[in-house]
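I have placed the structure first, in the form of structure tokens, so that the comments after it can refer back to it.
The values are calculated or read from the model by the stated rules, or taken from the named source; none is laboratory data. Quantities reported herein were computed from a predicted structural model and do not represent experimental measurements. Here the Cβ positions follow ideal geometry from the backbone for every residue, glycine too, while neighbour counts run over all protein chains shown. Note: accessible area is taken over every heavy atom of the protein model, side chains too, but ligands, DNA and RNA are not part of it. Shrake-Rupley method; radii C 1.70, N 1.55, O 1.52, S 1.80 Å.
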Amino acid sequence: MRRLTFPALALPALTLSIALLLAACGTSDPQATNAQDNALDALDAALVGNAAASEGDPALTAALHDQIMVDPALVQQANDDVVRPPSMPVTGAVPPDGIAIAAMKTIPLPTGLRSAPPPSADCPACVTARRALTLGALAQSQGGGTARCAQRLAYSTVWANRLPDALPLYPDARVAEAAGADGDGCALRVVSFVSAQPMQALLDFYYTRAAAAGFPAGHQADGGEHVLAGAKPGAGAYLVTLRTHRGGGTEVDLMVDAH
């Protein structure tokens, strides 16, 4: 590409014009004013001469006169200040909150489930679960050996794969958080997850699994909060809290203490 240059004869005049302009600033001397006018005339002449010398430059001509190229696929996203909104959504937008849950609805549901009994009106476990801000606090609130093991909880989603076979994750569970503790008489698992299925489906699933494992399955409810819980001497205890997820489906906190 050729470089754009001032003509050799125009450079001295341009330099002199700029110097005279600077010297004439801030004065009301008539002689200085005349010098300023002459400098402006010289500058105009230099610029005109330079423009005439550059008319044949193909690079400059292309830059000034060629059509601007645009990408039709992106033009609607280019200006965030337009009054009229674009005709289509901006690509790469954040997906809706329930998109993953909707995709899970094709997973086959467990069969042969027993219906969970109606809940009792009194639900102290619901109040306790609402006050627990962490999985550790939820386990701590159960007292006894569970509370002791809760002090040793380690957080990792790996613990979601270490639940006992009697009370596993629901088939379409989307794990949000998990924690656990092993050793020193502890076999504690606490998992928080979301399912695409309605609450009754999960109540029936965990009621059926708990009953098959020989656990009592008390069902309590307080408003939109439901709890299944039970303990078996020598085999530990479990707690399942359920509530409706804002994007559809059910939020679940599952605690199993197999000490």
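Looking at the structure I just gave you, is R148 more than 33 Å from the chain's Cα centre (by Cα), within 22 Å of A132 (Cα to Cα) and basic (K, R)?
Yes, satisfied.
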Residue that is surrounded by the most Cβ atoms within 10 Å (Cβ to Cβ) [pool: residues in region 117-153 that are polar (S, T, N, Q) and part of a loop (DSSP other than H, G, I, E, B)]: Q142
Out of A210, A201, A179, A217, I need the residue that is closer than 24 Å to S120 by Cα, touching a Gly at 6+ places or on another chain (Cβ under 7 Å), aliphatic (A, V, I, L, M) and at pLDDT 90 or above. Which one? A210
Scan region 163-183 and report the pairs whose first residue is closer than 18 Å to P198 by Cα and touching a residue at least 12 places away in the same chain (Cβ under 8 Å) and whose second residue is among the polar types (S, T, N, Q) and not in a strand (DSSP E or B), with Cβ atoms within less than 8 Å and a gap of 6+ or a chain change. Y170/Q197; D172/Q197; V175/T157
Of the residues in region 232-251, those that are out of contact with any helix residue (DSSP H, G or I) (no Cβ under 6 Å at 6 or more places or on another chain) and assigned to a strand (DSSP E or B) come to K232, G236, A237, Y238, L239, R243, T244, E251
If you take the residues of region 232-259 that are open to solvent by less than 40 Å² (accessible area, probe 1.4 Å) and more than 23 Å from D172 (Cα to Cα), which of them is modelled with the highest pLDDT? A237
Filtering strands (runs of 3 or more DSSP E) wholly in region 154-231 for at least 2 residues that are surrounded by 20 or more Cβ atoms within 10 Å (Cβ to Cβ) and within 27 Å of the chain's Cα centre (by Cα) gives 174-183, 186-195
Complete set of residues in region 105-136 that are at pLDDT below 80, of a type in the set (A, V, I, L, M) and either closer than 21 Å to H226 by Cα or in contact with a Gly (Cβ under 8 Å, 6 or more places away or on another chain) (or both): L109, A121, A125, V127, A129, A132, L133
Given the structure, is R84 charged (D, E, K, R), within 20 Å of A231 (Cα to Cα) and either open to solvent by 90 Å² or more (accessible area, probe 1.4 Å) or at pLDDT below 70 (or both)? no
